[in-house]
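The values are calculated or read from the model by the stated rules, or taken from the named source; none is laboratory data. Values in this document were obtained by computation on a predicted structure and should not be read as measured data. Positions of Cβ are backbone-derived with ideal geometry, glycine not excepted, and every protein chain shown enters the neighbour counts. Surface accessibility is based on the protein's heavy atoms, side chains included, excluding ligands, DNA and RNA. Shrake-Rupley method; radii C 1.70, N 1.55, O 1.52, S 1.80 Å.
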Amino acid sequence: MTVFTEPASTECLQRAAAALSANGFAVELLDGVADARARIEALIPAGASVFTSASETTRLSGIEADINASGRYEAVKPRILSMDRAARGDEIRRLTACPDYVVGSVAAVTETGSVVIASGSGSQIPSYGGGARAVWIVGAQKVVPDLNTALRRLEEHAFPLENTRSLNVYGVPSAINRMLVLNREPFPGRVTVLLLREAIGF
């Protein structure tokens, strides 16, 4: 049985990186979180509008705070959290759908070059799917051999952890209401995958 918490081997990471690159994703294989934080600052210009999607990877790494609290960027998340969702729901949806950049993570990456994303609210799906330039920080434990295993990882491992987090933080359960599978990026350079050699996040 696959253990979805174990970091993938160097060979698996290299296969995933090569396949992602062949499929139009920009990929950087990094040692760990410190390197990812430095790369985010280099990849995203000061003053850009940036939406940080809900992600334990970005929270635990400090990248979420780097973006939302530094003052370097036009941070979307703090702005929408201050808005009345009932009165300004359409504006919130527009802000999250089409920022300059979206930063977050994914549920799984395959060695064949596909990416699996799941969401309860769907807030990150438009920007992940093509509405923004995307930067995804991906821990080594999220790399799996193929799409079937990626879906198993989502359903058997990542979702139960996210459901527990949602109950603890919001008092409501999560759900896999929306799922996005990217097999190829038709606009090379739109998506950058920072693939870490260490495990982080769900």
From the list Gly131, Gly139, pick out the single residue that is at pLDDT 95 or above, out of contact with any strand residue (DSSP E or B) (no Cβ under 6 Å at 6 or more places or on another chain) and either of a type in the set (Ser, Thr, Tyr) or open to solvent by less than 50 Å² (accessible area, probe 1.4 Å) (or both). Gly131
Inside the range 100-118, can you point out the residues that are in a strand (DSSP E or B) and either free of Cβ contacts under 8 Å to residues at least 60 places away in the same chain or more than 18 Å from Ile80 (Cα to Cα) (or both)? Tyr101, Val102, Gly104, Ala108, Val109, Thr110, Val115, Val116, Ile117, Ala118
Among the residues of the range 146-158, which ones are open to solvent by 30 Å² or more (accessible area, probe 1.4 Å) and either within 19 Å of Thr192 (Cα to Cα) or touching a strand residue (DSSP E or B) at 6+ places or on another chain (Cβ under 7 Å) (or both)? Asp146, Leu147, Leu151
Considering residues that are at pLDDT 95 or above and either crowded, with 19+ Cβ neighbours inside 10 Å or not in a helix (DSSP H, G or I) (or both), the number found within the range 1-36 is 22
Please identify the pairs in which a residue from the range 182-202 that is under 17 Å from Ser127 (Cβ atoms) and outside any strand (DSSP E or B) has its Cβ atom under 6 Å from the Cβ atom of a residue that is among the small types (Gly, Ala, Ser) and open to solvent by 10 Å² or more (accessible area, probe 1.4 Å), counting only partners at least 6 apart or on another chain. Glu185/Gly24; Gly189/Ala26
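Yes/no matrix, rows are residues, columns are (1) on the phi < 0 side of the Ramachandran plot; (2) in contact with a Gly (Cβ under 7 Å, 6 or more places away or on another chain):
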residue: Ala118; (1), (2): yes, no
residue: Gly122; (1), (2): no, no
residue: Gly129; (1), (2): yes, no
residue: Val135; (1), (2): yes, no
residue: Gly139; (1), (2): yes, yes
residue: Pro145; (1), (2): yes, no
residue: Leu182; (1), (2): yes, no
residue: Arg197; (1), (2): yes, yes
residue: Ile200; (1), (2): yes, yes
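Can you name the residue in the range 40-59 that is within 17 Å of the chain's Cα centre (by Cα), in contact (Cβ under 8 Å) with a residue 40 or more places away in the chain and over 15 Å from Ser105 (Cα atoms) and, of all such residues, is most open to solvent (accessible area, probe 1.4 Å)?
We begin by selecting, within the range 40-59, every residue within 17 Å of the chain's Cα centre (by Cα); these are 40-41, 43-44, 49-59.
Now drop any that are not in contact (Cβ under 8 Å) with a residue 40 or more places away in the chain, which leaves 40, 43-44, 49-58.
If we keep only those that are over 15 Å from Ser105 (Cα atoms) too, we end up with 43-44, 49.
Details: Leu43: 46, Ile44: 1, Ser49: 16 Å².
The residue in question is Leu43.
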